[in-house]
Structures are given as C-alpha cells and as structure tokens.
Amino acid sequence: MALTAEHDSLGIAALDGAFGAAVAGVDLGGTLADAEFATIRDAFLASQILVFRGQQLDKPAQIRFTERFGELELPLNRDYLGADYPALHVVTNLDTEGRLKDRKVLANPGNYFWHTDASYMAVPAMATLLYAVQVPPAGGDTAFANLHLAYEALPETTKARIDGMKAVHSWAQSRINSGSRPATEEEARSAPPVAHPLVRTHPDTGRKALYLGNHTSHIEGLPVEEGRALLGELLAHATAPRFVYRHRWQPGDLVMWDNRCLVHRASDDFDFTTHARVLHRTVLRGTVPV
Ligand code: OGA
Ligand code: MN
C-alpha cells in the first residue's frame, strides 16, 4: 500500500522503489498541528520509511518530534548514552575531541550488518530517527530492506514451514556475529536471549513481516546450525536488491524507519580518515512482537 503520488498539502511522495516516502513542506522543529502529525503518522505506517530533507533540528527539537510518536527508548549499550541528552545518541566517526581518527575505527561494528534495532530486547524498538549533521561527499549510505515485501514474496511452502517458528535474538550473540566488544555482564543481564516470532504481525497495520537479522542467534526447537542456516537463507532473500532502499545522506536529512518490518545497515565505503559522518539518533519503544 505504498503512496503513489503527492496527495496533500504536506507534499508526501513515494520514493523511487518499492517503499518509502519523502515528506516536503514541513519544519519538524516548528509546531506541527495534530492533523499534520496524523498525516505524517499515516504515511509512516503506509511507507515504512519517511525522509524529511532540509531540516534544521537541534537535539531538543529532535527529541520533541520523536516523542510525538510515543515513548523514547534509552540505549542498552552504555557507550550509546548521549552525554547531554541521554536518549539522543550521536552516531559518529569522530573521537571525543571532535577529531577524525587517524585510521578506520568502527565505533559500532554491528551497524554494518543487517539488523533491526534492539530486537534482542523483550520489547524491541518501534522506530528509529536519524538526523544527518555531517556526511561524507560520497559513501556512507544507509540501506533498508523491507521485510513485509520479503515475506510476501516467499514461496507458500516456505511460509508454511516457518509459520509458528520462533527465532532467538541475543545481544551477546549479536556482538559475536559482528565482531564487536563482548557484552558486559550488566548488558548481558539486562538483555538475556529472547524468542520472537520469525513471522511477525505488524501491530498497527496487521501486515506480516519476517523478523530477523544480525541479532538473531538460532531457531527455537531446531538444531542450532540448522536454524542458523535457515535464518541466513531468509536474510539473504530479504535483502535482495528489489526489497532495498538505499538512502544517500545530505546534511539536514531526517530519516525515520519502522523497525518492526525493516532491517537496515550502514555502509563503510568512505575514507574515515578524511571525512566526518555524524548523525543524531533517537529511538522509540515498541511492543512485544506477536
Ligand atoms: C542505527 C544504525 C546506521 C547508519 O543508528 O541504528 O544502524 O547508517 N545506523 O549509521
Ligand atoms: Mn541500527
């Protein structure tokens, strides 16, 4: 049910490709009337990704806009707590002094693997908002794959096979999958492995989606290796180019995506020693997947 044309005063238009919409003519830092907000929310549910170009948002304004949708989520990863606003994490390749590092250091290696935010939690994230402050002239895109479209394109035999399966998501396993620093005991305690339905029903639209990614470990009730192989096959299917939107960042872009039906990953294809990439990130708390 993607949007196909500009259909109201906000200027909401489908992105090229199978999903996503761009919203023009709105200042997210200003006052949004309830009706405008409702239009934005409907477009979000219809399109799974919204792109707002040319915004000028300070941190409190981004937090205010995010809170219109629900409850802010604090990051589990203690490295992610924002210094001045705990709920606003700065995704950056600069050091704490604001200097480029002299070699490529991936602060959050997990971001470079297909994932859906916080699926290792019993109550995972509903949506994430990223606002581009500084971006490299080329490279450093974020890619999004649509898990509704991927599910709908599966052969009926596969749908029948995976119906009712539960995937185990694990923070600690995710850290291993991406070669990140191991989870601390505190982090592991606050996020023990959790099983979620492999086929998830979107709580707002009722549409089904695969629910998997780098945070998944194995399938409940299947031998671990067999479950991993199945998850790997499904993720490869889900991230085929026809299900992917690739966002080329410009400073001032705010991109909001639905973690309940998309996976995403960052690209590290730019020179970290000469170009800064700084984005402000806020996250909304979701519901228990069913
Ligand atoms: C995130 C994330 C990707 C990027 O913020 O959750 O995965 O391109 N970011 O920075
Ligand atoms: Mn992410």
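The values are calculated or read from the model by the stated rules, or taken from the named source; none is laboratory data. All of these numbers come straight from a predicted model, not from anything done at the bench. Ideal geometry is used to build each Cβ from the backbone, glycine not excepted, and the neighbour counts take in all protein chains shown. Remember, those area values only see protein heavy atoms, side chains included, never the ligands or the DNA or RNA. Shrake-Rupley method; radii C 1.70, N 1.55, O 1.52, S 1.80 Å.
Quick notes on this one:
- Sites Thr205 and Asp95, calculated FRET efficiency, Cβ-Cβ separation with R0 51 Å, nearest 0.05: 0.75
- Two-site label geometry, Ser267 and Ala143: point separation in nm, points 7 Å out along Cα→Cβ: 0.8 nm
- Antiparallel %, DSSP beta bridges [both residues in the chain], to 5: 95 percent
- On the beta carbon distance between Asp34 and Leu222, with R0 = 51 Å, the FRET formula returns roughly 0.60.
- Contour minus Cα-Cα distance for Thr287 and Glu233 (0.36 nm per residue): 16.8 nm
- For Lys208, a cut-off of 26 angstrom between C-alpha atoms picks up these lysines, skipping any fewer than 8 places away in its own chain: Lys159, Lys166.
- Distance from the stretch 105-131 to the stretch 180-240 (C-alpha centre basis), Å: 13 Å
- Mean separation of Cα contacts under 8 Å, 6 or more apart, over the residue count of the chain: relative contact order %: 32 percent
- Point-to-point label distance, Gln56-Ala240, nm (Cα→Cβ direction, 7 Å offset): 4.6 nm
- Tail beyond 26 Å, pair distance distribution of the chain (Cα, percent): 42 percent
- Rounded percent of accessible protein surface that carbon and sulfur make up, the stretch 145-290, 1.4 Å probe: 54 percent
- With the largest listed first and rounded to whole Å, the semi-axes of the equivalent ellipsoid of the stretch 184-286 from the Cα gyration tensor are 28, 19, 17.
- Extension gain (nm, one decimal) between Asn108 and Lys159, 0.36 nm per residue minus Cα-Cα: 15.0 nm
- CD proxy at 222 nm, helix term only [per DSSP H run n ≥ 4: -39500 (n - 2.57); per residue of the chain; nearest 500]: -6500 deg cm²/dmol
- With protein chains left intact and a 1.4 Å probe, residues in the chain average 44 Å² of accessible area per residue.
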